[in-house]
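Structure record follows, encoded as structure tokens.
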Amino acid sequence: MPWKNSDTRYSTMSIALHWLMVVLLAVVYACIEFRGIFPKGSGGRALIVEMHYMFGLTVFVLVWLRLFARTLGVAPKIVPAPPQWQSALATLMHLALYLFMIGMPIFGWLIVSAQGHSVMFYGIELPPLIGENKDLSKQIKEWHELGGTVGYWLIGLHAVAGLYHHYFMRDNTVLRMMPKR
């Protein structure tokens, strides 16, 4: 398993973490979108909301591994090289995605803490980040929901940009992050 990026591909660890986090983010969004199929106060709804918390916090843990993996070498070069403005936009997009993957779980943890509930992470009770404050919980929840909407756009634009590079620019942007066949 290559731990460092090569000139043409990201490391196996970076690729595995990227695609694992794609799946986890899809599950996090699915949990919150489908919670409405269960009545309020039901065990099914409580379970799906707990899964949303747990997988969101899993993203929070894994994003730090991804950031560490990025430090193990430079990003593989895009061939042919894109214009400078596209590279700058890509850097901003990656920064926004990393802020999203760090900030959203923290907002979620703050909400649950302010509601006075325990935050469970794979059977471990995490300490509250703040004291109980129902009004503050509602305010943070609004920011969290706005962040979720922004996240849809960030993830969607990231995917569209990758497809654009692959099918229209015909460069190696996507191939650098694909698992080996």
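The values are calculated or read from the model by the stated rules, or taken from the named source; none is laboratory data. From a predicted model like this one, the values you see are computed outputs, not experimental measurements. Ideal geometry is used to build each Cβ from the backbone, glycine not excepted, and the neighbour counts take in all protein chains shown. SASA here: full protein model, heavy atoms, side chains in, ligands and nucleic acids out. Shrake-Rupley method; radii C 1.70, N 1.55, O 1.52, S 1.80 Å.
Observations
- The set of residues in the stretch 1-22 being assigned to a loop (DSSP other than H, G, I, E, B) and either in contact with a Gly (Cβ under 6 Å, 6 or more places away or on another chain) or open to solvent by 60 Å² or more (accessible area, probe 1.4 Å) (or both) consists of 1, 2, 3, 4, 5, 7, 8.
- Flag if residue 39 is in a loop (DSSP other than H, G, I, E, B), loosely packed, with under 15 Cβ neighbours inside 10 Å and modelled with pLDDT under 95: yes
- Residue selected from the stretch 118-137 under the condition over 24 Å from the mean Cα position of the chain (by Cα) and part of a loop (DSSP other than H, G, I, E, B), by the criterion surrounded by the most Cβ atoms within 10 Å (Cβ to Cβ): 133
- Checked against (1) more than 25 Å from residue 16 (Cα to Cα); (2) of a type in the set (A, V, I, L, M); (3) touching a Leu at 6+ places or on another chain (Cβ under 7 Å), residue 154 passes all but condition (1).
- Some residue of the stretch 45-63 being among the acidic types (Asp, Glu), in contact (Cβ under 8 Å) with a residue 12 or more places away in the chain and in a helix (DSSP H, G or I): yes
- Scanning the stretch 70-87 for residues that are of a type in the set (D, E, K, R) and either part of a loop (DSSP other than H, G, I, E, B) or open to solvent by less than 50 Å² (accessible area, probe 1.4 Å) (or both) returns a single hit, 77.
- Residues satisfying the stated conditions in the stretch 159-181, i.e. out of contact with any His (no Cβ under 7 Å at 6 or more places or on another chain), part of a loop (DSSP other than H, G, I, E, B) and surrounded by 12 or more Cβ atoms within 10 Å (Cβ to Cβ): 172, 178
- Considering the stretch 23-36, the residues that are at pLDDT 95 or above and of a type in the set (Gly, Ala, Ser) include one that is surrounded by the most Cβ atoms within 10 Å (Cβ to Cβ), namely 30.
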